[in-house]
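A short worksheet on the structure shown next.
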Amino acid sequence: MKRFALSAAAGLLWMGMAGASWAEGADPQQLEKGKALFMTGAVPACAVCHTLSDAGASGAIGPDLDELKPDAARIKKVLQEGMGVMPSFADTLDEASMDAIAAYVVHATGGGK
């Protein structure tokens, strides 16, 4: 039982480090694409509703992403399914674009930590 608990703890630690390094090791081109989509490329643009300092965005409809610091999985889920007044982007953004936005927001906010 003790061995299982140690293995589980090590696994959780590894998963946490992998998530943090995913954002830190993001491709600069992917981050640039994500920022462009966040600012103007997505329709409606994320910056219209969300505050994100790195993008110079001060939207007041959606959550302040600098404060929320979401992880990539949460961002992708909301982009795909929508939430509250936020629409789904499943029909207007492909997976690569959603991945780019998620990588950018995680990188800009230090999300998932």
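The residues of the range 26-35 that are more than 16 Å from Leu65 (Cα to Cα) and among the small types (Gly, Ala, Ser) amount to a single one, Ala26.
Condition check ((1) of a type in the set (Lys, Arg); (2) at pLDDT below 95; (3) assigned to a loop (DSSP other than H, G, I, E, B)) across all residues:
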residue: Pro44; (1), (2), (3): no, yes, yes
residue: Ala47; (1), (2), (3): no, no, no
residue: Ala60; (1), (2), (3): no, yes, yes
residue: Ile75; (1), (2), (3): no, no, no
residue: Ala90; (1), (2), (3): no, no, yes
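Scanning the range 95-106 for residues that are of a type outside the set (Asp, Glu) and part of a loop (DSSP other than H, G, I, E, B) turns up nothing.
With the structure loaded, tell me whether Gly112 is in contact (Cβ under 8 Å) with a residue 24 or more places away in the chain, part of a loop (DSSP other than H, G, I, E, B), surrounded by 13 or more Cβ atoms within 10 Å (Cβ to Cβ) and not aliphatic (A, V, I, L, M) or whether it fails that test. Taking the combined requirement at face value, the residue satisfies it. If you go through the range 62-73 and keep only what is touching a helix residue (DSSP H, G or I) at 6+ places or on another chain (Cβ under 8 Å), part of a loop (DSSP other than H, G, I, E, B) and either of a type in the set (D, E, K, R) or under 19 Å from Asp27 (Cβ atoms) (or both), you end up with Lys69, Asp71.
The values are calculated or read from the model by the stated rules, or taken from the named source; none is laboratory data. Only a predicted model underlies this, so the values are computations on that prediction, with no experimental measurement involved. All Cβ positions, glycine included, derive from the backbone under ideal geometry; neighbour counts span all protein chains shown.
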